[in-house]
1. Percent of alpha carbon pairs in region 206-268 separated by more than 19 Å?
2. Pairs of alpha-carbon atoms within less than 8 angstrom and 6+ residues apart define the contacts here; what relative contact order does region 146-385 have, in percent?
3. May I ask you to list the lysines whose Cα is less than 26 Å away from that of residue 228, ignoring any residue fewer than eight positions away on the same chain?
4. How big is D for region 1-66, in µm² s⁻¹ as a whole number, if Stokes-Einstein is applied with the Kirkwood radius of its Cα pairs at 25 °C and 0.890 mPa s?
5. Quick check of the Kirkwood formula: for region 8-133, what is the inverse mean of 1/r over all pairs of different Cα atoms, in Å?
6. So for 373, 261, 149, fewest C-beta neighbours within 10 Å to most, what's the order?
7. So what J values fall out for region 265-277 if you push phi through Karplus, 6.51 cos²θ - 1.76 cosθ + 1.60 with θ = phi - 60°, rounded to Hz, Gly and Pro as x?
8. With each pseudo-label sitting 7 Å past Cα toward Cβ, what's the residue 371-residue 261 distance in nm, one decimal?
Amino acid sequence: MEIKKILLSEGEKFSFETHINEFLLPRESAELSEVFSVVIPVGFATHGHEHDDREQIFYVLSGNGSIFTDANNAKNVINMEKGSIFWIPKYAYHKISNTNRNCDLKYICINAFVNSSQNKKTSYDHAINVINSYNLEKKQLNERPVLVVGSEGFVGKAVVKKLIAKGRYVWALDLEKKNVVSQNGERIEYIEAGADGDFYALLKELCINNGVCPEKMICAIGDNSVRKHSLNFDRDEFVSQLMKNITPVFDSINSYAKICVENSINGGITVLGSVGAQKSHRETIGYDVAKGGLESMCRCLALDYAPYNININCLAIGPIEGSSSSMDDGIMTDSLRKLIPIGYYPSVEDIAEYIVEFTFSAPLFLTGQTLVVDGGLTIQLRPIEIERLNDRDMYNVDKI
């Protein structure tokens, strides 16, 4: 037997009437174990049951839920939250319910069988047997997706890739990308919105057709392709930069907020901005002015959205390794990196990881804020090259 690497994005979906299983390590591929993820959509709960041939371990990936441990007493409940681990012994009654009305409950289940003779059936055969035994239906259910707008941009692509790696279902929209083809349809759906289309109508149609609304939204719209001295910048170019960096952002996030309000669900929005809103780049007046307006817009919308349980925050992104906006005439130089107190540019994968984690961890009461993600670049009064202490003045640590 060879060691096998398993990714959350590679599971084969099986949809029950009440929940979704994704087979990660099918029982027929192992001797005494089985691994799958479980997604319980909002408002659903599994059937109550117990096992005489296995013990189980649950690890909660996201959401909140309850484990009912007594079929006759609803008060015997154990709460489930992200990061918690549960051991379910043999013959222990359990029923899992999603207690969060706004997001899906998702957890990993590891089955440890008593002996290999219990493993004769495939995972799929066992799922069919469960349906027949408990009079369930094999009914298509959909988990709530993460909506990523601007999915074909430098950061947008990395965010989508990170979400998929974490086992998230994604709706990836881009306003200008043409002829986008569907990829890995189980985990992601690419949609071309069109720069001049009705974003609200498109999003509403997606929600109706799929029977779900996005759990979170990440807006990664941005265009910094125009680099020109302001004295050579004409009015039409300036207006174009504002239109590309502000108008579609407002259109997309306001459409998402309307969908949340109309369906009486909470929402969470992360807008990707730039440190250019606070510390201007040379020869990028249109882009930097637009990003400043973006921060102001998020503050205004936070006030309007708060009564509807929707939060919105802006992440002002600094230099990123490999980004065209972080390069000097196309060449990354050590002198540019030395401007950053941490001493290096983070990778786009690092930034994407933070964006995803922030989006899913920001509580409802955190709203209208701009968080700067730049390695300390914009908080300094003078560049590090000017005011770095001499070696004799640096803090010395006695090493053991």
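Read-outs throughout are calculated quantities, based only on the coordinates presented, and are distinct from any laboratory measurement. What you see is a predicted model, and the numbers here were worked out from it, not measured in a lab. We place every Cβ from the backbone using ideal geometry, glycine too, and count neighbours over all the protein chains shown.
1. Values: 938 of 1953 pairs.
Roughly 48 percent, once rounded to a whole number.
2. On the way: 402 pairs, mean separation 46.8, N = 240.
Reported relative contact order: 20 percent.
3. Here the lysines satisfying the reach criterion relative to residue 228 are 177, 244, 279, 291, 338.
4. Details: Rh = 13.6 Å.
In µm²/s, the coefficient is 180.
5. Details: mean 1/r = 0.0676 Å⁻¹.
By the Kirkwood definition, the hydrodynamic radius is 14.8 Å.
6. Numbers: 373 19, 261 15, 149 28.
With the sparsest Cβ surroundings first, the list reads 261, 373, 149.
7. 10, 5, x, x, 10, 10, 9, 8, x, 8, 5, x, 6
8. Result for the modelled spin labels: 2.6 nm.
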